[in-house]
1. Consider the candidate values (1) 20.3, 71; (2) 23.2, 76; (3) 21.3, 76; state which one is Rg and Dmax of the Cα atoms in Å computed from the structure displayed.
2. Considering only the other residues whose Cβ falls under 12 Å of the Cβ of Val91, what net charge follows from Lys and Arg at +1 and Asp and Glu at -1?
3. Could you state the number of Å between the C-alpha centres of the stretch 22-92 and the stretch 270-347?
4. Can you tell me how the stretch 132-194 classifies by the Cα gyration tensor, rounded, prolate or oblate, using a/c under 1.5 as the rounded cut?
5. Provide the net charge surrounding Arg207, with neighbours chosen by a C-beta distance below 15 Å and charges set as Lys +1, Arg +1, Asp -1, Glu -1.
6. Can you work out the Karplus-derived ³J(HN,Hα) for every residue in the stretch 346-355? Use 6.51 cos²θ - 1.76 cosθ + 1.60 with θ = phi - 60°, whole Hz, and x for glycine or proline.
7. Taking the Cα centre of the chain as origin, sum charge times position over the Cβ atoms of Lys and Arg (+1) and Asp and Glu (-1), and report the length of that vector in debye to the nearest 20.
8. State the percentage of accessible surface on the chain attributable to carbon and sulfur atoms; use a 1.4 Å probe and exclude ligands, DNA and RNA.
Amino acid sequence: MSHPAQVRVPATYMRGGTSKGVFFRLQDLPEAARVPGEARDKLLLRVIGSPDPYQKQTDGMGGATSSTSKTVILAEPTQPDHDVDYLFGQVSIDKPFVDWSGNCGNLTAAVGAFAINGGFVSQDRIPENGFCTVRIWQANIRKTIVAQIPITNGEVQETGDFELDGVTFPAAEVQVEFMDPADGDGAMFPTGNVVDDLEVPGVGTLRATMINAGIPTIFVNAEDIGYTGTELQDAINSDPKALAMFETIRSHGAVKMGLIGHVDEAASRQHTPKVAFVAAPVNYVASSGKQINADDIDVLVRALSMGKLHHAMMGTAAVAIATASAVPGTLVNLAAGGGDRTDVTFGHPSGTLRVGAEASQVNGQWTATKAIMSRSARILMEGCVRVPGDSF
């Protein structure tokens, strides 16, 4: 009986922000996977080790969490004045699908470095020392992202003293600007309101801010669903009833936002929208044991990704938090004390994060010009991943 040989696919395993994933250049993928479709999805599922009914991804590169079940494909730019196209695939852990509906803000921090190392940025644009500006076209959401990549002796600098809560070791700081982060095909607030009454069967009618900036996100007040906003992962992820409640909120919010036509469709769209809950600042202890003081933060935020409470904060959700905080009257803005603001420091399960955003009203509609945050990134391994030849 013959068995298919394994196929070698050039790849780089990178951390970006509080996430990590497998990065590919489009031209390095097997020919059948160079175009969107079943072959590409099957390849990425096998690389990551999904679908895995054990939810461990032991036979793949995934880490059995939403933060580590990720893939990135970079290609030559399709848009003028950009260096690279960036396509993100969120791989389901226990189901056979890849969600292409949104971006990963954390891995965005690694895209600039990968683009430089992968030959997408012209050598004459890379300084001997300083910063290289990499203009990224985010193909999932069709938006421009600008990354400032530190360069030392003509090469990407990865080590440094920038500390990011949720990441154990310090590294070089990467500033990322999300340009015009609101949905270009619709309103930043899809319902037309900064706060809505969201009817959720079995839960009740919740006040909700539903925003499409960075990534579609549904914000509710922590106290309205029985929480304080200081919860860590185990408090949510070990409670099946809580997870079911959040998925119900997410499903009905997705319908209200116009992202899906019926709640049943939410099961095949796990990556978006996100659901988060907010509260006014209080003291709490982060998952690392670090004491977080209420005086050091503006607002508490907890967010779920792929059905589980995130250990820190998704980068795209941080954009949504920053943008919502800049709009008076949203639940995020009110929990942060209200008024006008251009930046916010929020507390998450692993610590704190400061993000900035600029928003204004144009013809009665709120719009965002950009959101800015600092992240870090590092190559963990490079070479080839191997997958059985009959898996895609």
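1. (1)
2. Taking every Cβ under 12 Å from that of Val91, the sum is +1.
3. Measuring centre to centre over Cα atoms gives 28 Å.
4. In terms of gyration-tensor shape, oblate.
5. Residues near Arg207 contribute -4 overall.
6. 10, x, 10, x, 9, x, 9, 8, 9, 9
7. Approximately 640 debye in magnitude.
8. 47 percent
The values are calculated or read from the model by the stated rules, or taken from the named source; none is laboratory data. Because the structure is a prediction, the values reported are computed rather than measured. Note: ideal-geometry Cβ built from the backbone for every residue, glycine included; neighbour counts use all protein chains shown. Surface accessibility is based on the protein's heavy atoms, side chains included, excluding ligands, DNA and RNA. Shrake-Rupley method; radii C 1.70, N 1.55, O 1.52, S 1.80 Å.
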